[in-house]
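The structure appears right after this line, and notes come after that.
The values are calculated or read from the model by the stated rules, or taken from the named source; none is laboratory data. Bear in mind the structure is a predicted one, so any value in this text is a computation, not a measurement. In this analysis, Cβ positions are derived from the backbone assuming ideal geometry, glycine residues included, and neighbour counts consider all displayed protein chains.
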Amino acid sequence: MLTLFTINTCKSFGCRNLGLPISASADYSWPDYRLGYPALHCRACGSYPPLFDEQQFNEWLSAHLSAYASENGHFCPECYCNKTICYGHNPRGTQRVQCRVCKKVWTPKQQNQRKIVPPERIETVPLIVPFQGRSAEQKLYVLLSFDAASGNILHISTNFTQHYIGETLRYRWRGNIEPDLHHSNIVTRVDMRETQFLRRSQFDEIQYGSAVLKRNARGAILRPVIAAHGHFRVLSLLFPDVKRHVISHECFLRGAVITVWADLFRQRQGELWFLEEEINDSDINIPWNFQGTTQHGWWQGQWQLWVQKKNRKMVCSLTGGVSNNAETLSLTASRHFIQWLYQQTIFTHSAQLSAGRVTQILHSLAHDYNEKRVIKETGCGSQK
Ligand SMILES: [Zn+2]
Ligand SMILES: [Zn+2]
């Protein structure tokens, strides 16, 4: 089978092998068990990223991308190229689209497509939401990505999938949830989070809670790391040139972003930041004050602490270089959406619904949220 999308690769920023598949570099050796799990060893930078079953990953990802493309029409369901043209209408009057590369013609299910403007900066956070599985209070791992400037949602995924998945992609709950760090001081929290990564069986193997589907339910629950690679792969097909990313402090989000936009990062054209916030008053409008730098974790990341009266944030550049951008970074877009989400009755009552239904509700609410914002923006304009 053709290997379409690389997942087994060096993920170190600054390494010459960043994003290169196993076949493309003589520096790799595998499988390497030095860290207690099968890993890919990159001799150029000394890293040991965990190995995935590339065939199972590619089978699932191809199905996932084709389904997204058939629904939305922004890229081709066959070859994933994003150069498409409108190609007349089918007998019912619905718009057809043609791929300019492989000439595939299809009818996207979502008909009134707005052109999405490529964002300057993408902001991504996870969210854990309940669903009804074999028992109550099962949990979905959700990823939300925003255009940081406009606040619009660019993409939303959960780790529920309708597609067939190989066993190595399946999430397995072992009964040991990572403790919630909400109550600690923000600096301690960053430090404890790094320790949590090290306690995992692999850095990218998060245990976020139980997620067992109803008996005989269709579909499956993916390991969050796999869902993250699928999530960012969709975004990179939509926006191949976006250079700035802000993500929550989660090591496999870093790995997924750096892998899917590897060409840009290898040419040192991208910026990737971890960001943790503690916002107690979102109305404060004075500049942020830089407090100093601390180092945390296995990778000894350099974290900057910034304070704005009652608000604090910790920022870590994952792509080196001196940058003054840290002050302007925030997770404001995701905070606004999540606040709005918890005011929607259909969402707050969705804990009794299946994982598939909760996923549908999140998609439709994300759509409503973007639509509402367009109306609001137009409304403001017309008052002038
Ligand atoms: Zn390397
Ligand atoms: Zn095509």
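Looking at GLY88, is it more than 16 Å from ligand 1 (Cβ to nearest atom) and either at pLDDT 90 or above or not in a loop (DSSP other than H, G, I, E, B) (or both)? For GLY88, the condition - more than 16 Å from ligand 1 (Cβ to nearest atom) and either at pLDDT 90 or above or not in a loop (DSSP other than H, G, I, E, B) (or both) - is met.
Just so you know, in region 61-84 the residues that are of a type in the set (Ser, Thr, Tyr) and modelled with pLDDT of 90 or more include one that is nearest to the chain's Cα centre (by Cα), and it is TYR68. Considering only residues in region 332-363 that are among the hydroxyl-bearing types (Ser, Thr, Tyr) and in a helix (DSSP H, G or I), the one that is farthest from HIS163 (Cα to Cα) turns out to be THR332. Just one of (1) part of a helix (DSSP H, G or I); (2) more than 25 Å from GLU120 (Cβ to Cβ) fails for ALA366. It is (2).
Residue by residue through region 68-93, note down the ones that are farther than 28 Å from THR158 by Cβ and away from ligand 2 (no atom under 11 Å from the Cβ). ILE85, CYS86, TYR87, GLY88, HIS89, ASN90, PRO91, ARG92, GLY93 - these are the residues of region 68-93 that are farther than 28 Å from THR158 by Cβ and away from ligand 2 (no atom under 11 Å from the Cβ). In region 194-216, the residue that is surrounded by the fewest Cβ atoms within 10 Å (Cβ to Cβ) out of those that are touching a residue at least 40 places away in the same chain (Cβ under 8 Å) and out of contact with any helix residue (DSSP H, G or I) (no Cβ under 9 Å at 6 or more places or on another chain) is ARG215. Taken over region 246-269, the criterion of being farther than 25 Å from CYS76 by Cα and not hydrophobic (A, V, I, L, M, F, W, C) is satisfied by SER248, HIS249, GLU250, ARG254, GLY255, ARG266, GLN267, ARG268, GLN269. Regarding ARG174, is this residue out of contact with any helix residue (DSSP H, G or I) (no Cβ under 9 Å at 6 or more places or on another chain), farther than 21 Å from GLU250 by Cβ and surrounded by fewer than 16 Cβ atoms within 10 Å (Cβ to Cβ)? Spelling it out, it is not the case that ARG174 is out of contact with any helix residue (DSSP H, G or I) (no Cβ under 9 Å at 6 or more places or on another chain), farther than 21 Å from GLU250 by Cβ and surrounded by fewer than 16 Cβ atoms within 10 Å (Cβ to Cβ). The criterion of being in contact with an Asp or Glu (Cβ under 9 Å, 6 or more places away or on another chain), within 16 Å of ligand 1 (Cβ to nearest atom) and either touching a residue at least 24 places away in the same chain (Cβ under 8 Å) or within 25 Å of ASN159 (Cβ to Cβ) (or both) does not hold for PRO38. Considering only residues in region 1-44 that are of a type in the set (A, V, I, L, M) and under 22 Å from GLU205 (Cα atoms), the one that is nearest to ligand 2 (Cβ to nearest atom) turns out to be ILE7.
Close contacts from region 46-57, counting a first residue that is over 21 Å from TYR164 (Cα atoms) and a second that is assigned to a loop (DSSP other than H, G, I, E, B) and modelled with pLDDT of 95 or more, with Cβ to Cβ under 6 Å and a gap of 6+ residues or different chains, come to SER47/SER12; PRO49/LYS11. Flag not set for VAL117, criterion: touching a Ser or Thr at 6+ places or on another chain (Cβ under 9 Å), more than 16 Å from ligand 1 (Cβ to nearest atom) and in a strand (DSSP E or B). When GLY320, GLY292 are checked against the criterion of being part of a loop (DSSP other than H, G, I, E, B) and either at pLDDT 90 or above or more than 21 Å from PRO119 (Cα to Cα) (or both), a single residue qualifies: GLY320.
Just one of the listed residues (SER29, SER66, SER23, SER12) is without any contact (Cβ under 8 Å) to a residue 40 or more places away in the chain, loosely packed, with under 15 Cβ neighbours inside 10 Å, of a type outside the set (D, E, K, R) and not in a strand (DSSP E or B), and it is SER23. Among the residues of region 247-264, is any among the basic types (Lys, Arg), surrounded by 22 or more Cβ atoms within 10 Å (Cβ to Cβ) and under 24 Å from SER62 (Cα atoms)? Yes: region 247-264 contains one or more residues that are among the basic types (Lys, Arg), surrounded by 22 or more Cβ atoms within 10 Å (Cβ to Cβ) and under 24 Å from SER62 (Cα atoms).
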